[in-house]
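Worksheet for the structure shown next.
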Amino acid sequence: MPMTCSEHRAASVSMQKFQVEIIRSRRRTMCLQIMPDLRVVVRAPIRMAQYRVDEFVQEKSAWINKHLELAKARRQNALPPLSIEQKNQLKTDAKAYLSDCTAKYAAVMNVTYSGIRLGFQRTRWGSCSSKGMLSFNCLLMLCPPQVRDYVVVHELSHRKEMNHSARFWAIVERYIPDYKLCRKWLRTNGQALMNP
């Protein structure tokens, strides 16, 4: 019997070695998410039969188990929470390093920017506004120097291409030839740094 809810309603089912939370909403397809707190979430259409949801989870069980193990490993390798003193020192270091690095690459790339903001974002290493304001995560100071430089060049490249098109990546590669290795490093290690 389909669930009768206007927007969404959550339900939990126990399958395999993990608990699954089902969230139904006005959508056409199913998707699967491993949340930072290790919850397994299936998003499904409101009127989709429960047996189809169960089949979907069963088909994806190997993928779920693999990614749950990866998520658990990331949590175990996460840094302990930073003290106020450590955060202040990181911010001081970031201000010096990233200001110099951004000015250097901006000159080489022949781009301008309106300013730099520093913070401790939970999901982003950097961003670039349409007005040229660059934001950087102070936790970049825990990354290798080439990774920091990659993030700076990535954001400055948005001053020429406000997208992630092939043209954008060609600009990044011109100044950071091994940018793919830097991206891989962030994918592998970034979450542990951002979510201690």
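The values are calculated or read from the model by the stated rules, or taken from the named source; none is laboratory data. Note that the coordinates shown come from a computational prediction; the quantities given were computed from them, not determined experimentally. Please note: Cβ atoms are built from the backbone with ideal geometry, for glycine as well, and neighbour counts cover all protein chains shown. The protein model used for the area step is the full one, side chains on, heavy atoms only, and it has no ligands, DNA or RNA in it. Shrake-Rupley method; radii C 1.70, N 1.55, O 1.52, S 1.80 Å.
The requirement of being over 25 Å from P80 (Cβ atoms) and touching a residue at least 12 places away in the same chain (Cβ under 8 Å) is not satisfied by T123. All conditions in (1) modelled with pLDDT under 95; (2) of a type outside the set (V, I, T); (3) in contact with a Gly (Cβ under 7 Å, 6 or more places away or on another chain) hold for H154, with the sole exception of (1).
Among the numbered conditions (1) modelled with pLDDT of 90 or more; (2) surrounded by 11 or more Cβ atoms within 10 Å (Cβ to Cβ); (3) not hydroxyl-bearing (S, T, Y), the only one that R28 does not meet is (2).
Elements of the type strands (runs of 3 or more DSSP E) sitting completely within region 107-147 and holding at least 3 residues that are open to solvent by 40 Å² or more (accessible area, probe 1.4 Å) and among the β-branched types (V, I, T): there are none. The residue pairs whose first member lies in region 65-86 and is surrounded by 11 or more Cβ atoms within 10 Å (Cβ to Cβ) and basic (K, R), whose second member is assigned to a helix (DSSP H, G or I) and modelled with pLDDT under 85, and whose beta carbons are closer than 6 Å, counting only pairs six or more residues apart or on different chains, are R74/Q191; R74/A192.
Each row is one residue, and each column tells you yes or no for (1) in a helix (DSSP H, G or I); (2) farther than 21 Å from R187 by Cβ; (3) among the small types (G, A, S); (4) open to solvent by less than 50 Å² (accessible area, probe 1.4 Å).
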site: L38; (1), (2), (3), (4): no, no, no, yes
site: A44; (1), (2), (3), (4): no, yes, yes, yes
site: V53; (1), (2), (3), (4): yes, yes, no, yes
site: W63; (1), (2), (3), (4): yes, no, no, no
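If you filter region 116-163 down to residues that are among the basic types (K, R) and in contact with a Cys (Cβ under 9 Å, 6 or more places away or on another chain), you find that the one that is nearest to C101 (Cα to Cα) is R148. Restricting attention to region 156-196, the residues being touching a residue at least 40 places away in the same chain (Cβ under 8 Å), over 22 Å from S83 (Cα atoms) and open to solvent by 10 Å² or more (accessible area, probe 1.4 Å) number 6. Being modelled with pLDDT of 95 or more, in contact with a strand residue (DSSP E or B) (Cβ under 9 Å, 6 or more places away or on another chain) and not aromatic (F, W, Y) is a description that applies to S129.
Among the residues of region 148-196, those identified as assigned to a helix (DSSP H, G or I) and acidic (D, E) are D149, E155, E173.
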